[in-house]
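Take a look at the structure set out below.
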There are 2 protein chains.
Amino acid sequence: MRVRIAISQINQIVGNYEENYKKIITSIEEAHNNKSDIIIFPELTLNGYPPEDLILKTQYLKKSKLYINKIIEYSKNKNILIAFGAVDWDVETYNSAFIVYNGQLISKYKKMFLPNYSVFDEKRYFIAGNTPTMIEFNDIKIGITICEDIWVPNGPALALAQNGANIILNLSASPFFKGKQSSKLEMLKTRASELSCWIAYCNLIGGQDEVVFDGGSAILNPYGEIMQQAPLFEETILYYDVDPYETTRANLREGKRKHYNNSVYNNIKIKSINHEVCKKEKLDQKNENLPDIYTQMYMAIKCGIKDYVKKNGFSKVVLGLSGGMDSAIVASIAVDALGKDNVFGIMMPSQYSSEGSIDDSKALAENLGIKTTIVPIKDIFDSFMEKLNKDFEGTEFNTTEENIQARIRGVINMAFSNKFGYMVLATGNKSESAVGYSTLYGDMAGGFSPIKDLYKTEVYKVAEKYNELHKSEIIPKNIFTKAPSAELRPDQKDQDSLPDYDTLDAILFRYIDREMSFDEIVEDNYDKNLVKFVIRLVDLNEYKRRQAAPGIKLTERSFGKDRRMPITNGYKVWKEGV
Amino acid sequence: MRVRIAISQINQIVGNYEENYKKIITSIEEAHNNKSDIIIFPELTLNGYPPEDLILKTQYLKKSKLYINKIIEYSKNKNILIAFGAVDWDVETYNSAFIVYNGQLISKYKKMFLPNYSVFDEKRYFIAGNTPTMIEFNDIKIGITICEDIWVPNGPALALAQNGANIILNLSASPFFKGKQSSKLEMLKTRASELSCWIAYCNLIGGQDEVVFDGGSAILNPYGEIMQQAPLFEETILYYDVDPYETTRANLREGKRKHYNNSVYNNIKIKSINHEVCKKEKLDQKNENLPDIYTQMYMAIKCGIKDYVKKNGFSKVVLGLSGGMDSAIVASIAVDALGKDNVFGIMMPSQYSSEGSIDDSKALAENLGIKTTIVPIKDIFDSFMEKLNKDFEGTEFNTTEENIQARIRGVINMAFSNKFGYMVLATGNKSESAVGYSTLYGDMAGGFSPIKDLYKTEVYKVAEKYNELHKSEIIPKNIFTKAPSAELRPDQKDQDSLPDYDTLDAILFRYIDREMSFDEIVEDNYDKNLVKFVIRLVDLNEYKRRQAAPGIKLTERSFGKDRRMPITNGYKVWKEGV
């Protein structure tokens, strides 16, 4: 006997029960038509992830119950076992999986391991469950887990396997970051083979504020082989016909699990239900190869832009085109995410802008096919300085005047946003956000900041990948080769005041992503004074980052709710040198 | 025998071990000189509260150990029992109290109840302890608790009392909000009397980013009476001579606790130490009356401004003076916090500003004795419009043009900040932040936003209190009586587009502070359509608040890390009407 499992990786909207419900029943309908025995959905399918403080609203919780019941109602006479996630609420709230069959709530599993690190705040909202849960479905034992549960070696998955589980379902909402997809697959392979158990892993896709979920759902056999994998960042239903007794063979081969202990757990039997066993035909295996890391990052940014813009009710975006690489890559990916007619570029040359900057922006806009306008800022800058003249008498041109220019651009971007309903995309990268090489309310102004978690060196790599994927030099060569510059004073170059980006990013990666200490970074052969210089800037610019637009988490440790540093902070390693 | 307890409520700086250590030993020195037997400090005394993600840095944790040992070292031959708080680290990290005597670490208690709601993220950092801890000190049983532990009726305090505690120490870092001080005292009274036990409560003072700690440390007797209370928002050492055997008498009177169970807990005896019993003299009781609620809010704002500005290395602030009440109260309290020479006001009239606005601002500035300048914005506005003319052709004057004016003011404030090293104070209140009646990068621009958690109606009450406390009409009468206006278009009044502030604030309070549902607010006799209108604005303006400057938590539910709402949010009660 084979059991057909359908894994529906869908893109949900936090808080929108009606739309989320519709997507769930549409998937059930399709899986049912395709003779599936089981359909599995992502974590908190009904609510979207993460619902954050919506969970503190009683009316919101009541509505969760209402829609859970609508799904149960819908499941009548469908003859398909449905596993979906939703916020569960009695006196406390739980992150639960609901197992529904033929109009009945068969079982409920409460997530046992609640992540409360990185971007996660699950202990703010949920009480951890304490009961591994298994159901018997036509003599097949199916264990239920939610996201983090399966990452833990001695967690409920082990308990389920020890109790004879043939298949373990995992409902996930696991956000993307660079390299996570492959480490996750390694973990799943390890788990499946060490437990000698099938694993059906379903991950959410789509963007939600600071995170994107990448999907990549998969079926693994009890030997730890990926039998089927869904594409990244695409809504899809993955089908696979599982032979549950492969688990027994795998166990015999490994000499494991001879003595099951069924008594301790919440074991629910639904043998008596008359179940239509699926046809023996095996669906096409389409075990996809993972795209390379920079393609993944490109896909994540595209998905992040599209979902943030559209889910917030916008269709068009506006951004400043400086002639540099940051605005070039943001504009280019935005075109892929939203369409060329929905991206508007503004060139805002200052008196210090080079002719080349305008030409490069024009060439890029032409390649992308987007509309642009030019709003020179010199006269506006002069009118500011005229009014400030008296108060600023006797002072030198410094970052004040640079910032005024950057802020004029911010005001202009926002004026187009307000007048025409475009969302402003900020174009800052992680390197400049880290060291504060950016102007608050200036180039930092915007509704969304797509590459804020991409180091400058990675910006170039994603840009190269962009041209490669498009088989065309859409981003002009000149933008790759010229030296980065803010063009806010004569002949200014980023490298006048910063170390070269290779070195800068290497230090930043160690300090931020790896949380390495001053000593450890110096031990890695970086100049002591340079390390001091860099981490001092990182620490001092926390106040700017706190007011930055949200952007997409692309690395293991992004700015935003992933890194909660105090602004008022007397821990000054760069001062004390210890 | 009486035991002299010293309670040191001090103002610590997150991360600054050296300064924090110095304050601790200075307090020990003073308490020792005053013949105290015991000194108690606030929660995480050595680290400041909350250290947030600094706790993820190994080097930071190592340094915590270093300074813990310095305090132990310092305690040699001092003959005073010291209870201080610090981050404790072996494999995991704990929020611990260290009990130190005469050069020895006598005991360590790990906080058992870790708050992970509101502004608190303690489960992100700490593992909860599981052992109530008591020490015997000259036959007196002293139980140790940390903050949240004492709020829980069935927590460690109960266990300690059941095991015969004479005195329970509580090391706290409990942030201020409106009304908390009195509810906290009620809780402490209840706890002391129900446990028939002395309570020595020590609370932190000072501002740290979004929160201020108000002190108000106290000693309560076993009948639940406050015997001594420290002032709010002031560094002080409170002394009281406790008769530990009053506990026995109280118990006998209540007929409670006849059978102690000493075996279960971590009971450490230090009887053998030769201890100089304190003199019998009783220190002056100075049980202060709590100031009224608006005075408390005034004190909280003053403390918040002072500490945010100074702890971040600034001394001077700049703000726009509009002639309205918001900027008036911020300027006035800033003068009390920083001194009149450290507050600089900018008047930035637009073509729509009334003559009265300038006059009122001038009168206020004169009363405060602060320096000001005038930078009219009309010409700058005209230069923007000239450049935008072509692209904006055929469009009407709308919020775009209003926002441009507000943003010009933001640029000017920031220019003074950049040029002269002033910190910009933003002057928005909670009502306008809630409904988005403010301009991102305009009036919202600033390093700190002191009254962002004060509803407009409360702004007036704090202002009245301000004049009353100063026994002078420092804030001119005219500012109280005129109708609030942003003055960004001809004859504009706030109430043209918003309901009157009494009604608005009442709805906002229910929706935000009380987390009431749409239905519940309507049941409270507010117009259905008006409630929809208001909560729609609150929901839609989450994106603005996300980029707002930090400000002081003044109510039970403030914007910031206290209220973590998704920006991308499909939960639109105002749309569906359910």
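The values are calculated or read from the model by the stated rules, or taken from the named source; none is laboratory data. Since the model is a prediction, treat every value here as computed from it, not as a measurement. Glycine gets a Cβ as well: all are built from the backbone with ideal geometry, and neighbour counts include every protein chain shown. Remember, those area values only see protein heavy atoms, side chains included, never the ligands or the DNA or RNA. Shrake-Rupley method; radii C 1.70, N 1.55, O 1.52, S 1.80 Å.
The table below lists the values:
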{"quantity": "Pseudo-label separations to other copies for B:Glu19 - Cα-to-Cβ vector, 7 Å, nm", "calculated": "4.7"}
{"quantity": "Label distances, nm, B:Lys461 versus same residue in remaining copies, Cβ-directed 7 Å point", "calculated": "5.6"}
{"quantity": "Of A:Gly446, A:Ile237, A:Asn116, farthest towards positive along the dipole that unit charges on Lys, Arg, Asp, Glu beta carbons give chain A", "calculated": "A:Ile237"}
{"quantity": "For A:Lys465, net neighbour charge (Lys/Arg +1, Asp/Glu -1) across residues whose Cβ lies under 11 Å away", "calculated": "-3"}
{"quantity": "Cβ-derived FRET efficiency at R0 25 Å, B:Glu136 paired with B:Asn77, nearest 0.05", "calculated": "0.75"}
{"quantity": "Sulfur and carbon atoms: percent of accessible area, segment B:433-578 [1.4 Å]", "calculated": "49 percent"}
{"quantity": "Principal-axis tilt of helix A:325-338 within chain A, Cα atoms, nearest 10 degrees", "calculated": "40 degrees"}
{"quantity": "Listed residue pairs exceeding 18 Å between alpha carbons, taken from A:Lys178/A:Lys310; B:Lys78/B:Lys110; B:Lys310/B:Lys544; A:Lys528/B:Lys70; A:Lys572/B:Lys310; A:Lys553/B:Lys544", "calculated": "A:Lys178/A:Lys310; B:Lys78/B:Lys110; B:Lys310/B:Lys544; A:Lys528/B:Lys70; A:Lys553/B:Lys544"}
{"quantity": "MRE, 222 nm, helices only [DSSP H, n ≥ 4, -39500 (n - 2.57), over chain B, to nearest 500]", "calculated": "-11500 deg cm²/dmol"}
{"quantity": "Shape call, segment B:3-269: gyration tensor on alpha carbons, a/c limit 1.5", "calculated": "rounded"}
{"quantity": "Number of partner chain Cβ atoms within 10 Å, mean per residue of A:406-419", "calculated": "6"}
{"quantity": "Accessible area of segment B:3-269 belonging to carbon and sulfur atoms, whole % at 1.4 Å probe", "calculated": "49 percent"}
{"quantity": "Position A:Thr295, label points 7 Å along Cα→Cβ, spacing to each other copy in nm (shortest first, one decimal)", "calculated": "7.1"}
{"quantity": "Residue mean of other protein chain beta carbons inside 10 Å, B:16-23", "calculated": "2"}
{"quantity": "Ranked by how many other beta carbons lie within 10 Å on average, peptides A:420-432, A:341-353, A:320-332, B:477-489 from highest", "calculated": "A:320-332, A:420-432, A:341-353, B:477-489"}
{"quantity": "Chains B and A together, accessible area buried on both sides, 1.4 angstrom probe, square angstrom", "calculated": "7500 Å²"}
{"quantity": "Three-way shape label, segment A:332-462, alpha-carbon gyration tensor, a/c 1.5", "calculated": "prolate"}
{"quantity": "Neighbouring partner chain Cβ atoms per residue of A:543-550, average, 10 Å criterion", "calculated": "5"}
{"quantity": "Volume of the Cα convex hull of the protein assembly as shown, divided per residue and given in Å³", "calculated": "190 Å³"}
{"quantity": "Local electrostatic count, B:Leu338, Cβ distance below 9 Å [Lys/Arg +1, Asp/Glu -1]", "calculated": "+2"}
{"quantity": "Solvent exposure ordering (accessible area, 1.4 Å, most first) of B:Tyr21, B:Tyr245", "calculated": "B:Tyr245, B:Tyr21"}
{"quantity": "Nearest-ten-degree value, helix B:528-540 long axis tilted from longest Cα axis of chain B", "calculated": "80 degrees"}
{"quantity": "Amide H contacts of B:Val212 (H built 1.01 Å from N, under 5 Å, at least 5 apart or other chain)", "calculated": "B:Phe176, B:Lys553"}
{"quantity": "Shape metrics for chain A, restricted to C-alpha atoms - Rg then Dmax, Å", "calculated": "26.6, 90"}
{"quantity": "Accessible area expressed per residue, the protein assembly as shown, with surrounding protein chains retained (probe 1.4 Å, Å²)", "calculated": "35 Å²"}
{"quantity": "Cα→Cβ-extended label distance, 7 Å offset, between A:Glu235 and B:Asn69, nm", "calculated": "6.0 nm"}
{"quantity": "Trypsin sites (Lys or Arg not before Pro) restricted to segment A:59-119 and DSSP loop, no more than 14 other C-beta within 10 Å", "calculated": "A:Lys76"}
{"quantity": "Summed residue charge, Cβ within 14 Å of B:Gly313's Cβ, Lys/Arg positive, Asp/Glu negative", "calculated": "+3"}
{"quantity": "Acute angle (nearest 10 degrees) that the helix A:17-33 long axis makes with the longest principal axis of chain A, alpha-carbon atoms", "calculated": "50 degrees"}
{"quantity": "Contour excess over end-to-end distance, with Cα ends at A:Glu386 and A:Glu29 and 0.36 nm allotted per residue", "calculated": "121.7 nm"}
